[in-house]
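The values are calculated or read from the model by the stated rules, or taken from the named source; none is laboratory data. Fair warning: this is a prediction, and the values are worked out from it, not measured in the lab. We place every Cβ from the backbone using ideal geometry, glycine too, and count neighbours over all the protein chains shown.
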Amino acid sequence: MAPDPDCMQTFHGHTQGVRSVAISPDNIYVASGSDDTTVRVWEIKTGKCLKILRGHGYRINSVAFLADKNFNQVASGSDDETIKIWDVETGSCIKTLNCSSEVYSVAFQPGTAYLASGLNDSSIKLWDPHSGICHKSLKGHIGEVYCVSFPKDGSYIASGSYDNTIKIWKVKEGSCKKTLRGHTERVYSVVCIPSHKDLIASCSMDKSIKIWDIDTEECLSTHDAHENWIFSVSFIPQPDNINPRLVTGSADKKVKIWETEGTKNLKCLKTFQGHRNWVRTTSSSPDGQCVMSGSDDGTIKAWRIEEPRKLERCVRTIESVKHLSSVCFSSDGTLLASGSTDATVKIWDPTNGSCLHTFEGHKEGVSCVSFMPTNEHVVSGSFDNTIRIWHLKGEKYVKILKNSEDESNRVTTVAVSPLGSHLASGSDDAKIRIWDTAKETCLHTLDTHTDYINHVVASADGFYLASASKDQTVKLWKFIDGQLIREFKPFDDLEVNSISFSYQVDGTRLVAGLSHVFRANSRASLESPRIAATAWNVKTDEKVDIFLREDATEVSSISSSPNGLYVAMASRLSPIITIWDVDRRKCILTLPGHDGAVCSLSFSPDGTLLTSASFEDRTIKLWNTTNMSNP
């Protein structure tokens with residue numbers, strides 16, 4: 001058989017057939033489960049096997065990555081009647097769940113750590129994998145359950161069975177909501193279509209694919225898709241989601257790509273041939289550029305769906321009348337807030353760039369903005385010595401905090417705790433103040449810095465507060481009580497303008513963007529002109545990363561992606577934003593577009609967008625940060 005030109009990579013290593021493959025949400029790893037009783041973790045780009053996870057006693061039928069930023073965990077289900085949760089980084093088994101029946105399918109519920117399993121005893125079990133407790137057992141099928149799938153919102157489970165039916169289960173109640181009948185043989189795979197909440201696709205031993213409306217229980221279309229049994233159907237993400245795409249794998253040794261035309265028709269876009277035995281499993285990359293397949297021939301193949309398209313990175317530009325100082329996303333990503341030198345705070349709709357609210361009340365320029373976690377309030381700090389908390393549905397501030405008795409004092413930065421109960425402010429008097437937002441009182445004043453506070457930021461769990469100062473130090477505090485934990489000093493003649501917490505497998509890091517402090521007769525700044533940023537492990541005090549630029553440094557703002565893989569940097573000497581791969585310490589993407597230096601950066605909560613604000617060109621820009629490997 002001639003090699004298929006669309007096969008980008010073949011992964012060799014398993015000694016028996018591959019039953020299941022799953023691609024990590026960050027598109028870096030693929031996990032595979034095999035008849036040889038092992039789980040393997042591979043690097044997609046190189047095809048290198050990074051880890052072999054041993055511990056199961058019989059074949060592995062299903063693998064799944066934890067569907068949140070903790071991509072380092074994978075679950076596997078086996079004929080040995082157990083589910084194992086693995087730490088991908090260390091290769092160790094974190095937890096073993098005893099199921100008392102062969103496990104045919106596992107799937108994590110989006111937005112939670114709960115795990116669903118389809119079993120040989122006809123039941124579906126919902127687990128807390130951390131405690132090992134089975135919370136629910138769903139019964140109703142009269143044959144083994146081959147597959148389970150969640151929709152994007154995690155509200156229901158779709159299951160397929162030996163009994164030829166698909167069942168839709170309410171997760172909260174644990175009851176069967178619908179039963180879909182139409183397949184004439186066992187149902188091997190089901191997938192929920194994220195762009196159409198009420199649609200699912202299924203495939204069967206009867207060689208067909210079916211599209212279902214689960215609300216009406218109607219089979220919208222049936223397609224005789226392969227020449228033999230179809231074992232797998234998976235959803236392929238698309239940028240517009242107008243015409244969902246699917247990938248199928250079959251006992252006819254073929255992998256096929258399908259596009260839905262409306263909900264009635266399926267069009268086969270491509271057929272991939274290259275496996276020498278049954279194709280048992282398929283999975284799509286999160287960017288929709290490639291699919292993976294696993295076969296009884298013991299190999300995994302990566303297939304190119306289409307040539308990578310050059311992404312239009314700048315998706316929106318929002319014009320501002322006055323100079324901008326700060327911009328940030330709300331915690332749900334639906335709103336933007338900006339602060340300006342005209343003393344106003346503005347709320348924007350990022351989907352269309354419209355201004356939803358303008359808050360007036362500060363007497364001098366607004367230096368910083370931050371949303372409260374409920375997204376009902378926004379906090380602003382100003383050079384007028386006040387912090388104001390605004391209600392998004394009102395037209396005035398609802399609370400005003402006077403930062404200092406000295407009216408000339410300027411608030412330079414604010415950070416809100418994850419629960420919204422506390423906030424921290426930094427100012428040009430070298431002090432940090434921690435506030436009780438409900439009581440509007442200052443609980444602690446932290447005065448160990450000796451110069452202007454450039455930036456304060458809270459960790460995602462609310463335990464840490466970090467501060468950066470013109471005194472060239474970074475300090476780490478306990479947020480609630482203001483206790484100093486440790487102090488970092490990056491380099492001589494370099495100060496930290498901006499800091500960001502980054503969450504890695506080996507622990508929380510604090511990333512600091514650097515700029516030079518020029519002094520008369522000083523040569524230190526000339527000896528390290530290319531150091532743009534550094535990072536520390538907050539628990540060990542170890543300096544773990546140094547990021548180098550080809551040009552001069554002078555980083556004005558820094559932001560870490562939610563998954564901890566990337567860092568965005570802006571320089572006060574350049575209008576170009578750079579995106580860095582944290583592990584490789586390498587700049588992988590440049591974002592030109594601003595006409596002046598950028599003063600503020602913020603990733604969206606899901607990491608798909610980056611927003612930037614420029615003081616000089618008076619614009620806010622939104623950038624597409626998906627598929628970083630395709631500039």
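Would you mind stating whether Asp153 is of a type in the set (Asp, Glu), surrounded by fewer than 20 Cβ atoms within 10 Å (Cβ to Cβ) and in contact with a strand residue (DSSP E or B) (Cβ under 9 Å, 6 or more places away or on another chain)? Here the answer is no, as Asp153 does not meet what is asked. In the stretch 35-90, which residue that is aliphatic (A, V, I, L, M) and in contact with a Ser or Thr (Cβ under 7 Å, 6 or more places away or on another chain) is farthest from Pro110 (Cα to Cα)? Filtering the stretch 35-90 for residues that are aliphatic (A, V, I, L, M) and in contact with a Ser or Thr (Cβ under 7 Å, 6 or more places away or on another chain), the one farthest from Pro110 (Cα to Cα) comes out as Ile52. If you check Gly294 against the conditions, is it touching a residue at least 24 places away in the same chain (Cβ under 8 Å) and within 30 Å of the chain's Cα centre (by Cα)? When the stated conditions are applied, Gly294 passes them. Which of the residues spanning the stretch 329-343 are more than 19 Å from Arg572 (Cβ to Cβ) and within 24 Å of the chain's Cα centre (by Cα)? Scanning the stretch 329-343 gives Phe329, Ser330, Ser331, Asp332, Gly333, Thr334, Leu335, Leu336, Ala337.
Having 3 or more residues that are surrounded by fewer than 19 Cβ atoms within 10 Å (Cβ to Cβ) is the bar; report the strands (runs of 3 or more DSSP E) wholly within the stretch 1-98 that clear it. Write out each step before concluding.
Details: elements: 7-11, 18-23, 29-34, 39-43, 49-53, 60-65, 73-78, 82-87, 93-98.
Filter on the stretch 1-98 gives 7-11, 49-53, 93-98.
Here is the figure for the stretch 99-124: residues that are surrounded by 20 or more Cβ atoms within 10 Å (Cβ to Cβ), out of contact with any Gly (no Cβ under 7 Å at 6 or more places or on another chain) and among the hydrophobic types (A, V, I, L, M, F, W, C) total 6. For the stretch 124-177, residues that are modelled with pLDDT under 95 and basic (Lys, Arg) total 5.
Here are some residues: Thr450, Thr441. Which one is more than 16 Å from Val538 (Cβ to Cβ) and in contact (Cβ under 8 Å) with a residue 12 or more places away in the chain? Let's see the steps before the verdict.
Values: Thr441 fails: in contact (Cβ under 8 Å) with a residue 12 or more places away in the chain.
Selected residue: Thr450, the only one of Thr450, Thr441 that is more than 16 Å from Val538 (Cβ to Cβ) and in contact (Cβ under 8 Å) with a residue 12 or more places away in the chain.
Given Asp206, Asp198, Asp252, which one is among the acidic types (Asp, Glu), under 26 Å from the mean Cα position of the chain (by Cα) and surrounded by fewer than 22 Cβ atoms within 10 Å (Cβ to Cβ)? Spell out the reasoning first.
Values: Asp206 fails: under 26 Å from the mean Cα position of the chain (by Cα); Asp252 fails: under 26 Å from the mean Cα position of the chain (by Cα).
So the residue among Asp206, Asp198, Asp252 that is among the acidic types (Asp, Glu), under 26 Å from the mean Cα position of the chain (by Cα) and surrounded by fewer than 22 Cβ atoms within 10 Å (Cβ to Cβ) is Asp198.
Taken over the stretch 405-424, the criterion of being out of contact with any Gly (no Cβ under 6 Å at 6 or more places or on another chain) and under 27 Å from Phe463 (Cβ atoms) is satisfied by Ala415, Val416, Leu419, Gly420, Ser421, His422, Leu423, Ala424.
Restricting attention to strands (runs of 3 or more DSSP E) lying wholly within the stretch 389-477, give those where 2 or more residues are surrounded by fewer than 19 Cβ atoms within 10 Å (Cβ to Cβ). Don't jump to the end; show me each part of the working.
Values: elements: 397-402, 411-416, 422-427, 432-436, 441-446, 453-458, 464-469.
Of the strands (runs of 3 or more DSSP E) lying wholly inside the stretch 389-477, those with at least 2 residues that are surrounded by fewer than 19 Cβ atoms within 10 Å (Cβ to Cβ) span 397-402, 441-446.
Looking across the stretch 572-631, the residues that are aliphatic (A, V, I, L, M), assigned to a loop (DSSP other than H, G, I, E, B) and surrounded by fewer than 21 Cβ atoms within 10 Å (Cβ to Cβ) come down to Leu573, Ala597, Met628.
Do we have Gly249 as more than 30 Å from Arg276 (Cα to Cα) and of a type in the set (Gly, Ala, Ser) here? It is false that Gly249 is more than 30 Å from Arg276 (Cα to Cα) and of a type in the set (Gly, Ala, Ser). Checking each residue in the stretch 407-440 for being in contact with an Asp or Glu (Cβ under 7 Å, 6 or more places away or on another chain) and within 12 Å of Phe383 (Cβ to Cβ) picks out Asn409, Arg410, Thr412.
Tell me the residue from Asp493, Asp481, Asp541, Asp551 that is acidic (Asp, Glu) and at pLDDT below 65, please.
Working: Asp493 fails: at pLDDT below 65; Asp481 fails: at pLDDT below 65; Asp541 fails: at pLDDT below 65.
Answer to the check: Asp551.
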